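FYI, it's all coordinate maths here, none of it is from the lab. Because the structure is predicted, anything quoted here is derived from the model rather than measured. Note that we place each Cβ from the backbone using ideal geometry, even for glycine, and neighbour counts take in every protein chain shown.
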Amino acid sequence: MRNDNEAWLTPWEPSAAMAWRDRHTPTAFRAMRRASTRRARVGMSLPFAVHHEGRLVGQVTVDNIVRGALRSGHLGYWVDSAVAGRGVASLAVALVCDHAFGPVGLHRLQADIRPENQPSRRLVERLGFTQEGLFRRYLDIDGGWRDHLAYALLADDVPGGVLGRWRSRHPG
Ligand SMILES: CC(C)(COP(=O)(O)OP(=O)(O)OC[C@H]1O[C@@H](n2cnc3c(N)ncnc32)[C@H](O)[C@@H]1OP(=O)(O)O)[C@@H](O)C(=O)NCCC(=O)NCCS
């Protein structure tokens with residue numbers, strides 16, 4: 001699926017020395033899973049797979065989790081272009097936000113988004129995130145240092161839950 005989505009995902013993903021196809025082999029996938037599981041076990045990451053109609057269609061991850069006084073994490077997500085624009089990504093991200101703010105006990109979720117990534121900006125704005133600033137040449141994405149808008153959602157921004165807010169706007 002990721003190989004089918006190379007052109008769809010490349011503009012928003014970290015730069016890499018290896019070619020896309022060499023990074024998307026069964027061996028590379030197993031290594032990614034092991035690394036992801038290790039980070040999850042020590043509480044640094046919440047990795048989720050998104051399933052739709054019985055099929056894997058994407059991922060949502062809360063990474064770089066910091067506890068203590070900050071209790072924060074960074075949100076990342078992508079879906080198969082075949083399911084885009086149908087509310088699948090918004091629903092998945094809403095569920096993960098509620099899990100992170102509820103049982104996991106985080107207070108802040110940050111989503112760093114390239115200004116030109118309109119679908120991603122619309123997604124977080126729909127869920128109630130606030131644009132807090134602009135990080136200059138912040139992340140090494142698609143072959144260069146790219147500016148990113150800093151969006152954040154605080155647990156107390158959405159007292160009824162993110163899913164509740166999303167459902168109230170999409171009653172169908
Ligand atoms: C970013 C990304 C996850 C956004 O996904 P998306 O498909 O736009 O999000 P959704 O599936 O929730 O679709 C939202 C749209 O579907 C519409 N929609 C259609 N049916 C819907 C339904 N039943 N329920 C809710 N929304 C629905 C929404 O109104 C919304 O329209 P709008 O964008 O015109 O406001 C996706 O574009 C992606 O994977 N991009 C590549 C990777 C990427 O950019 N990752 C993020 C890096 S920061």
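The table below lists the values:
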| quantity | calculated |
| --- | --- |
| Mean shadow area of segment 73-143 over all directions, Cα convex hull, nm² | 5.5 nm² |
| Whole-Hz couplings from phi, Karplus 6.51/-1.76/1.60, listed for segment 24-31; x for Gly and Pro | 10, 10, x, 5, 5, 5, 5, 5 |
| Tail fraction, Cα-Cα pairs, segment 1-88, threshold 17 Å, whole percent | 58 percent |
| Ellipticity estimate at 222 nm from DSSP helix runs (n ≥ 4, -39,500 (n - 2.57)) divided over the chain, nearest 500 | -9000 deg cm²/dmol |
| Cα coordinate range in segment 120-164, projected on the principal axes (Å, largest first) | 40, 16, 12 |
| Sequence-distant residues sharing a close amide H with Val57 (under 5 Å, placed H) | Val50, His51, His52 |
| Net length gained if the chain between Tyr138 and Arg23 were fully extended (0.36 nm per residue, minus Cα distance) | 39.1 nm |
| Per-pair calculated FRET efficiency, R0 = 30 Å: Arg167 and Met32 via Cβ, rounded to 0.05 | 0.40 |
| Relative contact order (%) - segment 14-87, alpha-carbon pairs under 8 angstrom, separation at least six | 18 percent |
| Asp4-Ser81 pseudo-label distance in nm [points 7 Å out on the Cα-to-Cβ vector] | 1.2 nm |
| Gaussian network model of the chain, Cα within-10 Å springs - most flexible of Thr25, Thr130, Thr37 | Thr25 |
| Alpha carbon convex hull of the chain, volume per residue in cubic angstrom | 129 Å³ |
| For the chain, built as a Gaussian network whose Cα springs stay under 10 Å, the top-fluctuating residue of Gly43, Gly160, Gly76 | Gly160 |
| Summed side-chain charge close to Ala100 - residues other than Ala100 whose Cβ falls under 12 Å, Lys, Arg +1, Asp, Glu -1 | 0 |
